[in-house]
1. For B:K165, give me every one of the aspartates and glutamates with a C-alpha distance below 17 angstrom, ignoring sequence neighbours fewer than eight places off in its own chain.
2. For the stretch B:356-404, what does the alpha-carbon gyration tensor say about shape, rounded, prolate or oblate, given a ≥ b ≥ c as the root eigenvalues, a/c under 1.5 as rounded, and a/b over b/c as prolate?
3. When only C-alpha pairs under 8 Å and at least 6 residues apart count, what is the relative contact order of the stretch B:354-446, in percent?
4. How many percent of Cα pairs in the stretch B:195-328 exceed 20 Å?
5. No other cysteine beta carbon under 4.7 Å away is the test; run it over chain B and list who passes.
6. What percentages make up the Cα-Cα pair-distance distribution of the protein assembly as shown when the bins are 20 Å wide from 0?
7. At a threshold of 8 angstrom on Cα-Cα distance, excluding pairs fewer than six apart, so keeping six or more, what relative contact order does chain B reach in percent?
8. For the stretch B:6-110, what D do you get in µm² per second when you plug the Kirkwood radius from alpha-carbon pairs into Stokes-Einstein at 37 °C and 0.692 mPa s?
Amino acid sequence: MSKRSKTFAPVVATANDLATGTVVFRTPDGRWSADLATAEIATTPAEADALRLRADADVAADRVVDLALVPVVRDGAFVRPTALRELIRASGPTITLPTDAPRIGRAARPTP
Amino acid sequence: MYRYDEFDRAFVHERVAEFRDQVGRRLSGELTEDQFKPLRLMNGVYLQLHAYMLRIAIPYGTLSSRQLRQLAAIARDHDRGYGHFTTRQNLQFNWIALKDVPDILEKLAAVEMHAIQTSGNCIRNVTADHFAGAAADEIADPRPYAEILRQWSSLHPEFTFLPRKFKIAVTGSPHDRAAIQTHDIGLQLTRDATGALGFVVYVGGGQGRTPMVARKIRDFLPERDLLAYCTAILRVYNLEGRRDNKYKARIKILVHESGEAAFREAVEAEFAALRDEALDLPTPERDRIATYFAPPPFAALPERSVVFERAIAADPDFARFASRNAHPHKVPGYAIVTVSLKPVGGPPGDATATQMEAVADIAAHYAFDEIRVSHEQNLVLPHVRRDDLPAVFAALRQAGLATPNAGLVTDIISCPGLDYCALATARSIPVAERISERFADLDRQHEIGDIKIKISGCINACGHHHVGHIGILGLERKGEEFYQITLGGSGDETCTIGEIVGPGFSSRRIVDAVETVIDTYLALRTSPRENFLAAYRRLGEAPFREALYAAAE
Ligand code: HEM
Ligand code: SF4
């Protein structure tokens, strides 16, 4: 993950909301948002450490669970996680979800 | 079917109340995640990629219409309108909020269901042949024994903290549809020379990273000794099973490391000691439980159904459906119907709330209110009059559930994989969907005939890939998904672990590779009567390997 090396990759803090399980990202103003675009991006190892400390405090305060710092890359105007697993966490399953009604919400997004 | 008695009911309700309190204390911060996690797992609540996942036990895969309707209601009210039927005859909801779980468990309790022992190192949901009580080749209904095992193993104080999880499967037929030889204990009902009922006992099967076919440790166990013998097996395992290494903790490793003979001896010694402890299964108790599984009031019908035969002649779609999805029943004039949850291009095993309700209605109307969940991730209507098959077909078609592909190349088992599962190394559902799209043509599917493709998204093998005729294992290398193919596996009475044919394939190439394997089979089979597995067993892997890798070499 945020291994110390010359090729430090920018990271965001992600977790699941305690009460709902929703995938969330920590924002610069200390909220946890389902929208990766609003996440605070740590671009240096020092920033990553500081982000980790703040996020840890939120875990300790029982706001979120299963915290991780995950590398992200800039993709044009967008930011996306480097790893497929995190991409799927951020944007939902890559398949069309079975449904009776017209599709809504995250599931309706185009597959990456 | 089995009905909760006062004890069961009180107990399940107590557990719901207890968990409601625990969830409340977690949400208020009184309990830490470390304290809470084991508690939620004991109630079937996992944290997956996108949300909490709730795993609900469907004991021996038997459901009533009322229960299935309640599952549909939960899907609609608390999930995203669908659920996933798994290879362990469980139902998983993928989008559950923790704060809703106590209410959901309450709703389940109202229809005599729960999620207890669907996780953890205990005896898990006991599975059984999904054709139980209906199959033409059945010696006896396995469900009374599965129910007896369920009651015995529920919250068994001695077996709540085993070295690792423990899975038991029971079949009542010589043709094994419950994959008993891939379970920690597999039981097959049989009769001895005097006609008395008993079990062939298999121990130490399993999949995961060290797949093993179970060993037969008893040719005949009288039925009254069922609990004593299972207790003996579990005692030996509980004492001698490894607790130092999670990957070596299953009973299969113990059987393997101590050797079949020594293991059998240890079990028999324990059993001999136990026999005096009055752990036998008294006939009245067995009979009491069996009454819950008494056959429904079948009508006396002729073997042949004119309505059915006319429909076959008149409607080729129905004929195709009947040829694959209707199966011989033990009672004349009846059939078993497989309700395929494998639409072309759709996720295997998923059903929407509306579909669940449709099946519940059809079962209530045409099938004595009974539904089964198969380990092949389909639903089953066990008792349908042959006269009613055309109507059932029409009703299923309305609900998008009449795919005529039971046992064919598009009837694929797939675990949730990286689209949902926190442990996955690669996606599995999209691969299943693409394979079913490639082979969508029904004429081609029917020409290929019986074949089982099974896909797992990591080495845990929840998708049974080790015992797929064609098994596909999703792995990851340098951030890319790739897929390893195994051939020749089988989960039936000729249980075999498939062989890895060679290097894996990229996500882009895996469907072509499967097609190559199937084309090779079609070219080499002696006749359409020689199915894929038989041809593979005759030919070995060489021609398949050659076809798959010749181009690359
Ligand atoms: C929450 C998602 C899941 C998790 C965390 C999970 C975890 C695991 C693990 C760790 C194993 C390996 C056990 C071992 O080798 O000792 C395993 C095996 C297995 N799981 Fe799952 N699983 C999940 C979902 C499923 C689903 C959806 C199914 C059914 C489709 C399933 C059915 C099985 C089966 C049949 C096995 C292999 C049999 C055995 O040897 O135990 N699991 N699972
Ligand atoms: S096989 Fe692996 S990826 Fe698939 S459900 Fe099991 S643990 Fe998850």
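Laboratory data are not the source of any read-out in this text; all were calculated from the coordinates shown. Given the structure is predicted, the values throughout are model-derived calculations rather than measurements. Virtual Cβ from ideal backbone geometry, glycine too; neighbours counted across all protein chains shown.
1. B:D184, B:E240, B:D244
2. Cα axes put the stretch B:356-404 in the rounded bin.
3. 20 percent
4. So the pairs more than 20 Å apart make up 64 percent of the total in the stretch B:195-328.
5. B:C122, B:C230, B:C421, B:C458, B:C495 - these cysteines have no disulfide-compatible partner (Cβ-Cβ under 4.7 Å) in chain B.
6. Over the protein assembly as shown, the share of Cα pairs per 20 Å bin runs 18, 52, 28, 3, 0 percent.
7. 13 percent
8. Once the numbers are plugged in, D ends up at 230 µm²/s.
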